[in-house]
Amino acid sequence: MKVAPTIEELRTNLKSHHADNQLIGFVPTMGALHEGHLALVDKAKESSDTTVVSIFINPLQFNNAQDFSTYPQTLESDLELLEKRGVDVVFLPSKEELYPMQPSLSINFGPLERTLEGEFRPGHFSGVGIIVSKLLNIVKPHVAYFGQKDLQQVAVIQTLVRDLSIDVKIQVVPTVRESDGLAMSSRNLRLTTQERKAARLLYQVLNFCKIELLAGRDWLTTRQEALQMIRHESLASMEYLELVSTYSLQKQEKFEPEQALSLVIACFIGEVRLIDNLPVNL
Ligand code: AMP
């Protein structure tokens, strides 16, 4: 496994792969890797000649300084995991090289900016759009892999690729969960033992809502009952719980079985902000 700490080294490493027309699969991450990330790596390995993973904690997408400064970093074990999974190249760019100055560009994703993560994390998607554009320009993969865990991010990246005619296929990989249903996330490392137990609540709430909706209950009543469940957990503080269109992420007031809909939640458990989602009907 090659480790490329600069853009030049990355390009040198990939030159022959591009020249040989090898299929390049790319997984962008912020590190503190877990089985969720590795599911993306496995998918990339399955269908690519060369698999590239990047690890970069992108300051531009953090709207909260404390979230940025406490973001987990486990580089040594990340590299071991990637080596074991058979990754070909790991790109570890520095902040100085990617952002020699604060970018003057910002990206507005329209309706996606005004809902859910866009509403609660102003500027977040612009930061995501800029880093993903940069990484796709540098790596030039044929396929890039993203997790369904960040459903709105998937919609943002699909918008980016479509609106800028970027020549890459976006492949979405289902959410990997712990045995109690908690979606794997690097931020889970920041939970205390007690908070970790309480964090099961996110999946429990999503699952409860899904079962109720599929049993024909209306969304507004179901949502009220779910909010009650959250209020009972003293460590939890909810930001949003919504039923949305899976592709546009726009909020729905009614469950329509023939539409692709998902439940989405953002909730603080102690100091740690967690998000999750669950498709109701595929
Ligand atoms: P991050 O390091 O959090 O930026 O995540 C890098 C990629 O891994 C993103 O495309 C995430 O959506 C994806 N990812 C994170 N957690 C999971 C998970 N539990 N299951 C599947 N994909 C995930």
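The values are calculated or read from the model by the stated rules, or taken from the named source; none is laboratory data. Everything quoted here is computed from the prediction, not taken from an experiment. Note: ideal-geometry Cβ built from the backbone for every residue, glycine included; neighbour counts use all protein chains shown. Just the protein is used for accessible areas: all its heavy atoms, side chains included, with ligands, DNA and RNA removed. Shrake-Rupley method; radii C 1.70, N 1.55, O 1.52, S 1.80 Å.
Below are the figures for this structure:
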quantity: When residues of the range 105-135 are limited to those that are within 13 Å of the ligand (Cβ to nearest atom) and touching a strand residue (DSSP E or B) at 6+ places or on another chain (Cβ under 9 Å), the one nearest to Phe91 (Cα to Cα); calculated: Leu135
quantity: Number of the condition not met by Glu46 [criteria: (1) exposed (fewer than 14 other Cβ atoms within 10 Å of the Cβ); (2) away from the ligand (no atom under 16 Å from the Cβ); (3) of a type outside the set (Lys, Arg)]; calculated: (2)
quantity: Residue that is nearest to the chain's Cα centre (by Cα), among those in the range 168-179 that are open to solvent by less than 50 Å² (accessible area, probe 1.4 Å) and more than 9 Å from the ligand (Cβ to nearest atom); calculated: Ile170
quantity: Considering residues of the range 226-245 that are open to solvent by less than 70 Å² (accessible area, probe 1.4 Å) and in a helix (DSSP H, G or I) only, the residue nearest to Cys267 (Cα to Cα); calculated: Ile230
quantity: Scope the range 105-156; condition more than 18 Å from Leu60 (Cα to Cα) and of a type in the set (D, E, K, R); matching residues; calculated: Arg114, Lys140, Lys149
quantity: First in the range 15-44 and more than 21 Å from Gly181 (Cβ to Cβ), second anywhere and within 8 Å of the ligand (Cβ to nearest atom) and among the small types (Gly, Ala, Ser), Cβ under 8 Å, 6 or more apart; calculated: Met30/Ser186; Gly31/Ser186
quantity: Selection from the range 15-32 of residues that are away from the ligand (no atom under 16 Å from the Cβ) and over 12 Å from Thr51 (Cβ atoms); calculated: Lys15, Ser16, His18, Ala19, Asp20, Asn21
quantity: Residue match in the range 200-215 (condition: away from the ligand (no atom under 13 Å from the Cβ), surrounded by fewer than 19 Cβ atoms within 10 Å (Cβ to Cβ) and in contact (Cβ under 8 Å) with a residue 40 or more places away in the chain); calculated: yes
quantity: Qualifying position, being part of a loop (DSSP other than H, G, I, E, B) and either at pLDDT 95 or above or over 20 Å from the mean Cα position of the chain (by Cα) (or both), among Arg217, Arg223, Arg196; calculated: Arg217
quantity: Qualifying helices (runs of 4 or more DSSP H) (wholly inside the range 61-175; at least 1 residues being under 23 Å from Asn13 (Cβ atoms)); calculated: 75-84, 95-98, 124-139
quantity: Any hit, the range 54-76, residues being touching a strand residue (DSSP E or B) at 6+ places or on another chain (Cβ under 8 Å), open to solvent by less than 30 Å² (accessible area, probe 1.4 Å) and within 18 Å of Gln171 (Cβ to Cβ); calculated: yes
quantity: Test set (1) more than 13 Å from the ligand (Cβ to nearest atom); (2) open to solvent by 30 Å² or more (accessible area, probe 1.4 Å) - Trp219 fails condition number; calculated: (2)
quantity: Complete set of residues in the range 178-187 that are outside any loop (DSSP other than H, G, I, E, B) and either touching a helix residue (DSSP H, G or I) at 6+ places or on another chain (Cβ under 7 Å) or without any contact (Cβ under 8 Å) to a residue 24 or more places away in the chain (or both); calculated: Ala183
quantity: Members of the range 1-14 found to be exposed (fewer than 14 other Cβ atoms within 10 Å of the Cβ) and either within 13 Å of the ligand (Cβ to nearest atom) or farther than 22 Å from Asn58 by Cβ (or both), listed by number; calculated: Thr12
quantity: Filter result for the condition that a residue is farther than 25 Å from Arg196 by Cα, free of Cβ contacts under 8 Å to residues at least 60 places away in the same chain and not assigned by TED's automatic domain parsing to the domain that holds Tyr71, over Leu235, Leu241, Leu227, Leu261; calculated: Leu261
